[in-house]
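The structure appears below as structure tokens.
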Amino acid sequence: MRLLLLACLRAQTGNATTAGRIQDHLEAVGHICSLKDAFGYENPSEIANLISAEKFEAALAIHLYKGGRLLQGSRIPFGIIFGGTDINEDIKHEEKHRVMGAVLEEARFAVAFTEKMKELAAAEWPDARSKIYIQTQGIMTTPSATFNWKRFLQNAGIPQDTENVRLFLLICGLRRVKDPLYLVDVFSEWHRREPHIHLVIIGPAVDPQFTSEVNEKANRAPGVHLLQEIPQDDLHAAVKRCFAVVNSSISEGMSAAILEAMDLDVPVLARNIPGNAAIIRHKDTGLLFTDPQEFVQLSKSLMNDPSLERKIVTKAKAYVKKHHSWECEREAYQNLVLKLQ
């Protein structure tokens, strides 16, 4: 089939990574899958013209509102993959809720990353329950063999002569829902007491105004460093060299950065929100914190207890291998797309 795949394609963001992976899954069995940026289209009529011009036979959209709204009234069958902010945040807005309900009614199927996400959607649109499938994200990590750690530290402004650097890495697109400033104050205070502790926030400037706020605050916070996104292979290599990966989001669908850290044998400290708690068992496959002070306490306990670190890393790796198999995800999407024929 000739398939249209709509997603928000800002570089190095979760939706873009997921879209590329799904495209690869579908093309592996002979489908022609054309990936288009949802931000490049204003309304369904523009997508209708695209469908007609490129003779698409079916479509997929990531994000029930941002991608799905463009397929309303489509003359070809389509499926939806929930993004996270659609079900966790956009659902609270009346007009977006109305649009998403209409899109879901038209869709042949929808995919939720977690049981919790499915239940949230089904509570709002009960008639859609039977068409919502649960498929966790598949993970494959590819750390670069040529990654230059010294250059990475230099770009972040971290003194390379600092002994025993303990680097925490927060990976996110810079937008408010990711809340990258949540830990900045406590981290800076901690760094003043222990100068070898550093936080690096890395990711694309999704929201330019908010990025300016983050940049301004990071510049005034000792021990906190802001970097632009880097290629995925280099990012995976950086994760392997850091002490822990941090997630401080207000809302998550399913964080690929967390799962990738688990796969790379790096411990994760994540804010205790439903999306994170769905993939982390506290003190078993990671650590969940409820406020900045608890984050520091848990980080110190991890640093001072090598046996806890080994336990978390080992169990997290086993969890990803069992529940987030890239091969299982491939098979699932190859079967789901048959519903669009």
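Given (1) open to solvent by 10 Å² or more (accessible area, probe 1.4 Å); (2) closer than 30 Å to Ser188 by Cβ; (3) touching a residue at least 12 places away in the same chain (Cβ under 8 Å); (4) outside any loop (DSSP other than H, G, I, E, B), where does Leu170 come up short, assuming only one miss?
Only one criterion in (1) open to solvent by 10 Å² or more (accessible area, probe 1.4 Å); (2) closer than 30 Å to Ser188 by Cβ; (3) touching a residue at least 12 places away in the same chain (Cβ under 8 Å); (4) outside any loop (DSSP other than H, G, I, E, B) is unmet by Leu170, namely (1).
For the stretch 222-341, list the helices (runs of 4 or more DSSP H) that sit wholly inside it and hold at least 3 residues that are farther than 22 Å from Arg10 by Cβ and touching a Ser or Thr at 6+ places or on another chain (Cβ under 6 Å); which are they?
Here the list reads 306-323.
Which of (1) among the aromatic types (Phe, Trp, Tyr); (2) under 30 Å from Ala318 (Cα atoms); (3) under 22 Å from the mean Cα position of the chain (by Cα); (4) open to solvent by less than 50 Å² (accessible area, probe 1.4 Å) does Tyr133 not meet, given it meets every other one?
(4)
I'm told Asn148 meets every condition in (1) surrounded by 14 or more Cβ atoms within 10 Å (Cβ to Cβ); (2) under 27 Å from Pro267 (Cβ atoms) except one. Can you identify the failing condition by its number?
(1)
Looking at the structure I just gave you, is Glu106 open to solvent by 50 Å² or more (accessible area, probe 1.4 Å), at pLDDT below 95 and of a type in the set (Asp, Glu)?
no
Would you check which residues across the stretch 243-263 are open to solvent by 10 Å² or more (accessible area, probe 1.4 Å) and more than 23 Å from Phe82 (Cβ to Cβ) and list them?
Phe243
From Lys283, Lys322, grab the single residue that is farther than 27 Å from Val165 by Cα and open to solvent by 50 Å² or more (accessible area, probe 1.4 Å).
Sole residue among the options that is farther than 27 Å from Val165 by Cα and open to solvent by 50 Å² or more (accessible area, probe 1.4 Å): Lys322.
Please give the number of the condition Val177 fails out of (1) over 18 Å from Lys217 (Cβ atoms); (2) in a helix (DSSP H, G or I).
(1)
Among Ala123, Ala112, Ala156, which is surrounded by 13 or more Cβ atoms within 10 Å (Cβ to Cβ) and either in contact with a Leu (Cβ under 8 Å, 6 or more places away or on another chain) or over 26 Å from Gly20 (Cβ atoms) (or both)?
Exactly one of Ala123, Ala112, Ala156 is surrounded by 13 or more Cβ atoms within 10 Å (Cβ to Cβ) and either in contact with a Leu (Cβ under 8 Å, 6 or more places away or on another chain) or over 26 Å from Gly20 (Cβ atoms) (or both), namely Ala156.
Within 19 Å of Val165 (Cα to Cα) and touching a Gly at 6+ places or on another chain (Cβ under 8 Å) - does that describe any residue in the stretch 251-267?
yes
If I go through the stretch 180-199 residue by residue, how many of them are outside any loop (DSSP other than H, G, I, E, B) and either touching a residue at least 12 places away in the same chain (Cβ under 8 Å) or at positive phi (or both)?
Qualifying residue count for the region: 11.
Under 9 Å between Cβ atoms, at least 6 apart or on separate chains: pull out the pairs that start in the stretch 43-55 with a residue that is farther than 19 Å from Val103 by Cα and surrounded by fewer than 12 Cβ atoms within 10 Å (Cβ to Cβ) and end on any residue that is modelled with pLDDT under 95 and of a type outside the set (A, V, I, L, M).
Close Cβ pairs satisfying both conditions: Ser52/Arg75.
Here's a check for you: in the stretch 26-42, which residue that is touching a strand residue (DSSP E or B) at 6+ places or on another chain (Cβ under 9 Å), over 16 Å from Ile76 (Cβ atoms) and not small (Gly, Ala, Ser) is most open to solvent (accessible area, probe 1.4 Å)?
So, considering only residues that are touching a strand residue (DSSP E or B) at 6+ places or on another chain (Cβ under 9 Å), over 16 Å from Ile76 (Cβ atoms) and not small (Gly, Ala, Ser), the one most open to solvent (accessible area, probe 1.4 Å) is Glu27.
The values are calculated or read from the model by the stated rules, or taken from the named source; none is laboratory data. Every value quoted in this text rests on a predicted model; they were computed, and no experiment measured them. Cβ: placed from backbone, ideal geometry, glycine included. Neighbour counts: every protein chain shown. Note: areas computed on protein heavy atoms with side chains; ligands, DNA, RNA excluded. Shrake-Rupley method; radii C 1.70, N 1.55, O 1.52, S 1.80 Å.
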